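*Asks:* Shown below is the structure under consideration.
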């Protein structure tokens, strides 16, 4: 009996050993991963990662890579350039017709493009002129607008403009097949803030994939001079589940957090704010430490409201006018906090005057300056070439002319 | 000369055999080269979809750590991490580029709140998001002496003590009439079948929740269960044979004496058979102990993992439930030995109790400190295979003891015992939250 007992016990022990071996083999990798910190102390480079957008949040150290779309722009593809888009108004090739009307010629090309819509995240997008949002088209009330639309995409598309025009110029029934083209022609009326987008069905798909842009019609008597900018609120549904994964203003989530929009103290700021956000019922804009005059749809020169938050449904828009009394960094973001935390957040950096050094000289891979480090008079970051000149665009002064 | 020729012939034929065996392999590799080689477009059908499996989430001081694996068909780049679908900057080690089946640790700085549910999301470069949620955040145990001894104490309460308590039924079962004994023996079989099914269901659940399709979890469970069953069956048969041979040696010496000294021995069981009978129940009991040991290891894993994965309330109830449940396991060990008539020492009993119980402690350590879902299903499947082998041994042993095996198997005490056994297990398992 004792012999068989020994055999039994030894079999038991052998099986336990085998099991332990299998276990250690299978979990070996995770054990190594867990104990990573043990041998990361010496020699290896560690990076500090801050949760949230600034100091005061929890931080961790890592020897690996950093996944951070809030504090730094780690994109490899910079096709979408929110800083360029912000103050870029396209007035078209200007000429005058026989009866003295200003004619503005634009060319818009629809094309498929794989774009980096958030740091590290690529999406097969459909674009007007290669970026999201498409170019901002600007004209004056009464101008003749001619848009040559070329469809270089893989699907049929159209351009549907908001505003007053004829049925055949509405971009709904004239479908432009891939390789085809069409010229939209209409008089810019009335003055106000509009948008354009593709009107092919399924509409949801054609809009959420990126086919939209801003269309501004200025009043004949210009608005007062101001530092003007365009803000298009959008989102991206990268996994095609009918819900947005990212929310942005001007195309890249959190972009203006690490590239604050520089403005001057007491200078009038005019924001052309448009909401194209697909899938979600509403979207909104909230300005910190300030209030703005609000012109709904921009069709009146008298403000409709004096507020700090404005809410739009899809396709709604309005003009915001404000100026900052005190210098420093100020946030603006969707007051729908979910959208804010998924990328629809930015900063205005109010400077004392233009002579102050530039703080937005971040090149790719550099850490963003945290708001706490940009207190009133300590603009410490080194001065580099400005990535966007702050141009004050006022009616009539534009080089493209027009009257 | 002739001898040499023979040898040469044998050599050439061996060479021939090797060549014949290799030819299909050579052709196959040629085909693989052809298919995967440069310029071949025949296999470029469809778009390979990425897949990331979040295997484990740990809540540490002011950070949440997710252990992820690329279980898709190709390498992926991890682009972003989020908590509750809100972007949070994070670190990823060793790298954000993951080759197939590679593992990474995503560390998210986050002030989490204990007891609150959280979802961790991982977004790959093509924008696909993978997520996993935790019911209630709880600080992950860190492997230190304090925590280890805590798990050890739990293991003793859950595994060792209840099994030893169950062993106290030994004298009771020993004094039972044959019919009642048969009832208890088949009750044991019923208990074990329940445990076996339980282990399979449990491991299937882990496959569903934590294992990526790439690992073929369900096939793995079936495979391991069957292999364990076969290996243990083979081993136990060998053991019994050994014991038989040994008793043959012993009896051959005393054969004459036995038969001559007692003329009435024809009515008694011959000593040889008696010894054989003793060897077999002991082997069965040992097998049961080992099988239950593996099962209890699985229970330990479950308890440790429940603590680690933040299912706090669950683990308290889990512990009470397993304690009651495991008392019946002691009964399963003693039943086959009780009527064997051989000398069953207390020491032997305790050893078996410990073999069955102590793996709970080891399980709790592994479950609590380095939980790996794959390891968990492997253990559970081994346990299931071991248990089914034991059930097979018990039933075949019971039927071999009678002249009419089929009738014996279908007797009232047998069926009643089996049914009651499973019912008891089901009732006690209700105490364990799933």
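*Asks:* How big is the equivalent ellipsoid of segment A:78-214 along its three axes, where each semi-axis is √(5λ) from the Cα gyration tensor, reported in whole Å from largest to smallest?
*Replies:* Numbers: eigenvalues 131, 63, 31 Å².
Computed over segment A:78-214, the values are 26, 18, 12 Å.
*Asks:* I would also like to ask the following. If you take the Cα Rg of segment B:52-134 and divide it by 2.2 N^0.38 Å, with N the number of residues, what do you get?
*Replies:* Ratio of Rg to 2.2 N^0.38 Å for segment B:52-134: 1.01.
*Asks:* What whole-number distance in Å separates the alpha-carbon centres of segment B:157-209 and segment B:70-99?
*Replies:* Taking the Cα centre of each part, segment B:157-209 and segment B:70-99 sit 45 Å apart.
*Asks:* Still on this structure: Set the Förster distance to 30 Å, then compute FRET efficiency between residue B:197 and residue B:102 from the Cβ-Cβ distance, nearest 0.05.
*Replies:* Values: r = 35 Å, r/R0 = 1.18.
Computed FRET efficiency for residue B:197 and residue B:102: 0.25.
*Asks:* Right, something else. Using the alpha carbons of segment B:11-110, what is the convex hull volume per residue in cubic angstrom, as a whole number?
*Replies:* 170 Å³
*Asks:* Using square roots of five times the C-alpha gyration tensor eigenvalues, list the equivalent-ellipsoid semi-axes of segment B:89-179 in whole Å, biggest first.
*Replies:* Taking √(5λ) for each Cα gyration eigenvalue gives 48, 18, 15 Å.
*Asks:* In addition: For a quick size check, give me the Cα extents of segment A:106-155 along its three principal axes, largest first, whole Å.
*Replies:* Taking max minus min along each principal axis of the Cα atoms, segment A:106-155 gives 44, 23, 11 Å.
*Asks:* Sketch the reach of a paramagnetic label on residue A:155 as a point 7 Å from Cα along Cα-to-Cβ, and name the residues of segment A:117-132 whose backbone nitrogen lies under 19 Å away.
*Replies:* Label zone hits: A:117, A:122-132.
*Asks:* Quantify how strongly other chains surround peptide B:119-132 by giving the mean number of their Cβ atoms within 10 Å of each of its Cβ atoms.
*Replies:* That works out to 4 on average.
*Asks:* Further question on the same structure: Fewest Cβ neighbours within 10 Å first, please rank B:100, B:10, B:129, A:317 accordingly.
*Replies:* Ordered from fewest to most neighbouring Cβ atoms within 10 Å, B:100, B:10, B:129, A:317 come out as B:10, B:100, B:129, A:317.
*Asks:* For B:374, B:333, B:226, what ranking results if the residue with the fewest other Cβ atoms within 10 Å of its Cβ goes first?
*Replies:* Least to most surrounded, the residues fall as B:226, B:374, B:333.
*Asks:* For A:112, B:126, which order do you get if you count the other beta carbons within 10 Å of each Cβ and list the fewest first?
*Replies:* Numbers: A:112 15, B:126 18.
Fewest to most other Cβ atoms nearby, the residues stand as A:112, B:126.
*Asks:* If you don't mind, another one. For a bin width of 5 Å, list the pair-distance distribution of segment B:344-383 built from all Cα-Cα distances, rounded to whole %.
*Replies:* 6, 21, 20, 21, 12, 10, 7, 3
*Asks:* Please compute, over every Cα-Cα pair in segment A:82-373, the percentage with a separation greater than 36 angstrom.
*Replies:* Value for segment A:82-373: 15 percent of Cα pairs lie more than 36 Å apart.
*Asks:* Using alpha carbons only, how many angstrom separate the centre of segment A:284-315 from the centre of segment A:46-115?
*Replies:* Centre-to-centre (Cα) distance: 23 Å.
*Asks:* At 0.36 nm per residue, minus the direct Cα-Cα distance, what do residue A:221 and residue A:47 gain on full extension? Give it in nm, one decimal, please.
*Replies:* 57.2 nm
*Asks:* Taking 7 Å along the Cα-to-C-beta vector as the label spot, tell me the residue A:129-residue A:326 distance in nanometres, rounded to one decimal.
*Replies:* In this crude label model, residue A:129 to residue A:326 measures out at 3.9 nm.
Taken together, the values in this text are just the output of simple stated rules run on the coordinates, not laboratory data. This structure is a prediction, so every number in the text was calculated from the model and none was measured. So basically every Cβ, Gly included, is an ideal-geometry build from the backbone, and we count neighbours across all protein chains shown.
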